[in-house]
Amino acid sequence: MNKRFAFGMMMAPLLLAGCSGEPSESEIRTSVSAFMVELGKVIAKRAPQPLVATDVAKHGCTLQQGATYVCDITVTASGGYMPAPQTRTAPMRFTKVDGGWVASE
C-alpha cells in the first residue's frame, strides 16, 4: 500500500469530523461566553457582579435550518444577581457566521 494513500486514509476521518456542521463543545463554550458578556452589559448597571459562564457542556445538536443548530447544553453561571453559581440545562440556538458561531436564546 502506498504510504501517501495510507496516510490519507488515516487522516480522512479527522478531516471529515471537522466538517460535521454542528458546533463543537469548544465553539459552544466560546459563543456562550460571548453571549453572557453581552447579556451582562444589559444588566451591568444594576447587577453587583459581572455575569460569567464558568462551565459549558454540549449534549447534542439538531440542525434547525441553514446554518442554525439547536443544541442541548448545560451551563454553570455566576455573577449578576446570583448569590452562588447555578447550573441549568436547556436548548440554545447557534448560528454559523463568518467569525465563528453566535449563540442566541
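The values are calculated or read from the model by the stated rules, or taken from the named source; none is laboratory data. This one's a predicted model, so the numbers in the text were calculated from it and none came from an experiment. Backbone-built Cβ (ideal geometry, glycine too); neighbour counts: all protein chains shown.
Looking at (1) of a type outside the set (A, V, I, L, M); (2) more than 20 Å from the chain's Cα centre (by Cα); (3) at pLDDT below 80, find the lone condition where SER20 falls short.
Tallying (1) of a type outside the set (A, V, I, L, M); (2) more than 20 Å from the chain's Cα centre (by Cα); (3) at pLDDT below 80, SER20 fails exactly one: (2).
Suppose we keep only residues that are within 17 Å of GLY21 (Cβ to Cβ) and without any contact (Cβ under 8 Å) to a residue 12 or more places away in the chain within region 41-65. Which one would you say is farthest from the chain's Cα centre (by Cα)?
Checking each candidate, the answer is GLN65.
Give me the pairs, please: first residue somewhere in region 79-105 and without any contact (Cβ under 8 Å) to a residue 12 or more places away in the chain, second residue anywhere and loosely packed, with under 15 Cβ neighbours inside 10 Å and among the polar types (S, T, N, Q), beta-carbon distance under 8 Å, and either six or more positions apart or on two chains.
Listed pairs, sorted by first residue: GLN86/THR76.
Give the residues of region 87-99 that are at pLDDT 95 or above and of a type outside the set (A, V, I, L, M), sorted by residue number.
THR87, ARG88, THR89, PRO91, ARG93, PHE94, THR95, LYS96
Within region 67-77, count every residue that is surrounded by fewer than 17 Cβ atoms within 10 Å (Cβ to Cβ) and at pLDDT below 95.
Residues that pass the stated criteria total 0.
Check GLU105 against each of (1) modelled with pLDDT under 90; (2) of a type outside the set (A, V, I, L, M); (3) touching a Gly at 6+ places or on another chain (Cβ under 9 Å) and name the one condition it does not meet.
So GLU105 meets the others, but not (3).
Six or more apart or on different chains, Cβ under 6 Å: which pairs go from a residue in region 17-38 that's farther than 21 Å from GLY66 by Cα to one that's surrounded by 16 or more Cβ atoms within 10 Å (Cβ to Cβ) and at pLDDT below 95? Could you list them?
As it stands, the answer is SER33/ALA53; MET36/LEU51; MET36/ALA53, since those pairs meet every condition given.
Just name the residue that is modelled with the lowest pLDDT out of those in region 40-66 that are surrounded by 17 or more Cβ atoms within 10 Å (Cβ to Cβ), among the hydrophobic types (A, V, I, L, M, F, W, C) and under 22 Å from GLY99 (Cα atoms).
Per the criteria, the residue is ALA53.
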